[in-house]
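Worksheet for the structure shown next.
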2 protein chains.
Amino acid sequence: MSLDSERLQKLTDRKKLILKAVIEAHIETGEPVGSKLLTTNKQIMLSSATIRNEMAELEEMGYLEQPHTSAGRIPSEKGYRFYVDTLMEDYQLTASELSLLNSLLSGRLSAMDKIVEKASSVMAALTNYTSLAIRPRPKKVVILRFKTLLLGDYDFLLIMITSSSVVNTKNIRTHQPVDARQLELLEAALNRFMCGVDINDITLPMIMQMEIAAGRAAPLVNFVIKCVYDFVSELNDEIDFDGVNRLLQYPEYSDDMELLRDMLRLFERKEDIINIVAGGRRDATNIYIGSENRVDEMKSSTIVFKTIMARGRPVGAIGVIGPCRMDYPKVVTTLEYLTGHLSDIASENVAARLPLPGDGGTDNNEK
Amino acid sequence: MSLDSERLQKLTDRKKLILKAVIEAHIETGEPVGSKLLTTNKQIMLSSATIRNEMAELEEMGYLEQPHTSAGRIPSEKGYRFYVDTLMEDYQLTASELSLLNSLLSGRLSAMDKIVEKASSVMAALTNYTSLAIRPRPKKVVILRFKTLLLGDYDFLLIMITSSSVVNTKNIRTHQPVDARQLELLEAALNRFMCGVDINDITLPMIMQMEIAAGRAAPLVNFVIKCVYDFVSELNDEIDFDGVNRLLQYPEYSDDMELLRDMLRLFERKEDIINIVAGGRRDATNIYIGSENRVDEMKSSTIVFKTIMARGRPVGAIGVIGPCRMDYPKVVTTLEYLTGHLSDIASENVAARLPLPGDGGTDNNEK
DNA sequence: ATTAGCACTTGAAGCTCAAGAGTGCTAATG
DNA sequence: CATTAGCACTCTTGAGCTTCAAGTGCTAAT
């Protein structure tokens with residue numbers, strides 16, 4: 001009937017108000033929300049009976065669910081999604097939260113990796129969820145220059161300067177003595193054939209050419225190639241979690257050992273979550289609620305994350321993982337505050353010479 | 001009475017046999033062990049009544065405990081301690097366990113840090129407890145040589161070669177242009193005053209002397225000193241845990257959220273466990289049972305660990321953490337097998353040139 | 001010295017029952 | 001005609017109770 005279809009098509013303002021109230025109450029308490037509780041809400045000037053009717057329709061429309069007949073309602077994933085997309089309001093950071101955030105942001109700048117990790121830890125502390133920090137590694141690396149340095153009769157240092165501002169050094173020990181002249185030959189051969197080459201494009205003919213060019217140093221070429229491959233194989237995005245123990249605050253996890261174990265495994269495997277984050281948008285706050293996650297173990301959890309950009313390139317990402325019943329306003333506000341300011345800081349770092357002592361611009365090669 | 005004191009002084013062989021049986025049964029099942037169960041043990045040819053009497057005395061002596069009157073007995077910490085010290089027998093590794101261990105040990109050798117981490121993961125898989133891997137960092141670092149490398153108008157690379165086979169490189173960005181001549185001056189000044197110096201012994205006068213010696217490159221000296229200090233401050237022992245989720249297999253943890261949370265926090269803090277391991281003996285398998293741990297959160301857990309030594313110096317440590325009711329024979333055997341072989345491998349690596357391609361001897365500077 | 005036998009203790013599991021929370025429906029109301 | 005008061009109904013939760021099984025300590029017999 002046209003009445004039904006109309007009724008179930010679009011949310012009236014009153015329905016939105018009630019849905020919002022249900023969700024926020026549930027997020028706070030974790031309990032199903034009944035009609036009676038909502039009558040205490042100042043915004044809703046309705047009797048419990050009217051609210052009951054509205055909630056029944058909201059359930060019919062798929063925004064709410066009932067754990068069992070005599071319980072209140074809890075939000076469905078669709079409910080959370082709608083809340084996140086259109087209902088929720090900005091959270092106002094408290095003075096103490098702001099001061100914690102700013103003490104992180106105004107602190108001594110060191111390597112970006114460290115900042116990202118620290119930011120994730122602040123995130124966990126402020127939101128009370130498990131936080132994550134990702135430091136991305138470029139998948140395309142071009143060799144810019146090789147440099148060698150003799151350390152001893154059997155040892156030399158190989159320095160590889162690549163695009164992506166990463167420098168790799170490797171301490172190589174040989175089983176034949178090496179001398180300075182040999183290293184010169186090696187260096188020359190490497191620089192002649194490998195400069196500007198993508199690491200993944202190294203071919204066997206190139207290696208053979210280099211061995212010829214290296215002359216007496218030919219046996220060393222293989223060592224170097226091996227180092228190069230080791231280097232790329234280490235270039236996986238790195239992820240770290242902070243505040244894993246905080247999951248236990250939420251009955252969603254502490255009452256469900258299986259789920260908890262799944263989460264711990266997920267955190268140890270790392271891979272799945274890296275993939276989730278890698279698949280996200282770079283220009284927005286990503287929120288995946290429950291089964292919106294393709295990963296099975298995340299089916300009853302929510303992940304919220306955002307990429308930190310510096311001059312158009314991602315330099316990291318932070319986020320939180322917790323129950324679907326998550327304090328979205330607070331999480332999103334905190335996350336955007338942090339990533340916004342970190343993006344600015346990182347951009348300045350890369351863009352211009354800072355009029356500070358060089359620490360702001362240093363960038364070491366630790367992985 | 002003399003009879004009592006005699007009775008309670010030393011364990012008869014029969015008491016030892018019963019104690020051992022109780023402990024092993026409890027380790028396996030996690031349940032309190034009753035006298036009846038022990039009559040099924042082929043080694044013990046006694047009636048349940050006799051066993052009861054013996055168990056009562058073992059309890060009086062402090063080796064066993066009774067959760068409540070009508071339950072069987074569980075081992076006390078003193079009981080576990082005695083078991084570990086004198087009762088337990090060697091565990092025989094199964095063929096599949098051996099093959100897993102050996103596939104790790106005979107695999108391609110790469111950086112020691114990686115091997116230790118992998119070993120820890122194997123440890124977790126074989127024993128079903130949470131495992132830990134520690135890579136120690138030397139606290140005394142002596143500078144051997146500095147080397148610089150010009151990268152661009154505003155960038156240069158600082159290479160610091162230190163004792164302890166660690167090379168540190170730092171990509172420094174300046175706010176004033178630098179040229180090759182300046183770097184030469186810098187390098188000469190650094191090498192003249194800092195070679196052979198312990199990093200912790202750098203004094204202000206030395207810095208001032210260097211600035212004078214560096215001439216036009218004086219402003220760069222401060223950058224370098226800062227890098228040096230950053231470098232030492234990063235030299236903390238590193239620890240990683242594997243198989244944290246395995247704790248949930250044991251009711252000791254899965255039935256006690258508080259304890260579980262304490263453990264997760266411990267794993268995130270890292271510090272406490274690093275300290276425990278740092279305080280252990282280097283030449284033995286260390287076993288700390290329950291309250292033998294000074295750390296409060298470990299009061300109901302056991303940690304077993306052993307250091308991997310290469311030519312007299314520790315190059316890492318691995319171990320496991322689990323309930324006091326731990327399969328000590330299996331853990332100890334596996335741990336000693338691994339650390340023994342790893343020590344050999346590491347010693348060879350450092351000691352002699354291997355007749356292999358250089359990979360066995362490479363040693364990169366990733367932290 | 002060992003063991004069979006037995007009374008006793010205690011926790012775990014299952015069962016019932018009342019309380020409480022929340023619903024949906026109906027009829028009354030402004 | 002939207003809203004609401006009222007009420008019967010459903011379902012979970014927890015307390016109290018009983019029963020059951022496991023295991024003990026003690027005593028008396030071997």
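Some points to look at:
- Shielded residues, the range A:262-298 - accessible-area loss of 40 Å² or more between chain alone and all protein chains, probe 1.4 Å: A:Leu264, A:Glu268
- The mean count of C-beta atoms from other chains within 10 Å of the C-beta of residues in B:149-158, rounded to a whole number, is 3.
- For the rotation carrying B onto A, the chain B residue whose Cβ lies nearest the axis, with the distance in whole Å, reads B:Thr169, 2.
- In chain A, taking the dipole from charged Cβ atoms about the Cα centre, the farthest positive-side position among A:Met210, A:Thr94, A:Thr302 is held by A:Met210.
- Cα centroid of the range A:231-267 to Cα centroid of the range B:205-231, whole Å: 44 Å
- Listed pairs A:Lys20/A:Lys299; B:Lys10/B:Lys299; A:Lys118/B:Lys306; B:Lys16/B:Lys42 exceeding 25 Å between Cα atoms: B:Lys10/B:Lys299; A:Lys118/B:Lys306
- Charging the Cβ of each Asp and Glu at -1 and of each Lys and Arg at +1, and nothing else, the dipole of the protein assembly as shown about its Cα centre rounds to 1300 debye.
- In chain B, helices alone account for a calculated mean residue ellipticity at 222 nm of -14000 deg cm²/dmol, with every DSSP H run of four or more residues adding -39,500 (n - 2.57).
- Net charge contributed by nearby residues that have their C-beta within less than 15 Å of B:Glu187 (K/R +1, D/E -1): +4
- Rounded if a/c under 1.5, otherwise prolate or oblate - the range A:2-87, Cα gyration tensor axes: rounded
- Taken one residue at a time, the phi angles of the range B:193-208 give Karplus couplings (6.51, -1.76, 1.60, θ = phi - 60°) of 9, 10, 4, x, 8, 6, 4, 7, 9, 5, 10, 4, x, 4, 4, 5 Hz. Gly and Pro are set to x.
- Remark on A:Thr162: its backbone amide H falls under 5 Å from those of A:Leu144, A:Asn168, a criterion applied only to residues 5 or more positions apart or on other chains, H modelled at 1.01 Å from N.
- Angle between chain B longest axis and helix B:48-60 axis [Cα atoms, degrees, rounded to 10]: 50 degrees
- For chain B, the longest principal axis of the Cα atoms and the long axis of helix B:257-269 meet at an angle of about 30 degrees.
- For the pair the range B:295-310 and the range B:146-201, the centres of their Cα atoms are 40 angstrom apart.
- For the range A:241-250, putting each phi into the Karplus relation 6.51 cos²θ - 1.76 cosθ + 1.60 with θ = phi - 60° gives couplings of 10, 9, x, 4, 4, 5, 4, 5, 6, 9 Hz, in residue order, rounded to whole numbers and with x for Gly and Pro.
- Rounded to the nearest whole Hz, the Karplus-based 3J(HN,Hα) values (6.51 cos²θ - 1.76 cosθ + 1.60, θ = phi - 60°) of the range B:292-298 follow the sequence 5, 7, 6, 6, 4, 5, 9, with x at glycine and proline.
- For chain B, the relative contact order comes to 18 percent (Cα pairs under 8 Å, sequence separation of at least 6).
- Global form of the protein assembly as shown, assessed from the alpha-carbon gyration tensor, a/c cut-off 1.5: oblate
- Once A binds B, the 1.4 Å probe can no longer reach about 4600 Å² of accessible area, counting both sides.
- Between helix A:13-29 and chain A: long-axis angle, C-alpha atoms, 0 to 90°, nearest 10: 60 degrees
- Charge sum, other residues only, whose C-beta stays under 9 Å from A:Glu54's C-beta, Lys/Arg counted +1 and Asp/Glu -1: +2
- Per residue accessible area of the protein assembly as shown, 1.4 Å probe, in Å²: 46 Å²
- Here chain B exposes an accessible surface that is 51 percent carbon and sulfur, computed with a 1.4 Å probe and the other protein chains kept in place.
- Partner shielding of B:167-180 amounts to 5, given as the average count of beta-carbon atoms from other chains within 10 Å of each residue beta-carbon.
- Charge sum, other residues only, whose C-beta stays under 10 Å from A:Asp296's C-beta, Lys/Arg counted +1 and Asp/Glu -1: -1
- Positive dipole terminus of the range B:103-194, leading residue within B:Val116, B:Ile172, B:Thr148 (C-beta point charges): B:Val116
- Order of exposure, largest accessible area first, which applies to B:Arg311, B:Arg145 with probe 1.4 Å: B:Arg311, B:Arg145
- Geometric extent, Cα atoms of the range B:143-233 - Rg, Dmax (angstrom): 12.1, 34
- Rounded to 0.05, the FRET efficiency of the B:Glu65 and A:Gln249 pair, given R0 = 22 Å and the Cβ-Cβ distance, is 0.10.
The values are calculated or read from the model by the stated rules, or taken from the named source; none is laboratory data. Here the structure is a predicted model, which means the values were calculated and not measured. For neighbour counting, all protein chains shown are included, and Cβ atoms are generated from backbone atoms with ideal geometry for every residue, glycine included. When the accessible area is computed, the model is the full protein with side chains, heavy atoms only, and any ligands, DNA or RNA have been set aside. Shrake-Rupley method; radii C 1.70, N 1.55, O 1.52, S 1.80 Å.
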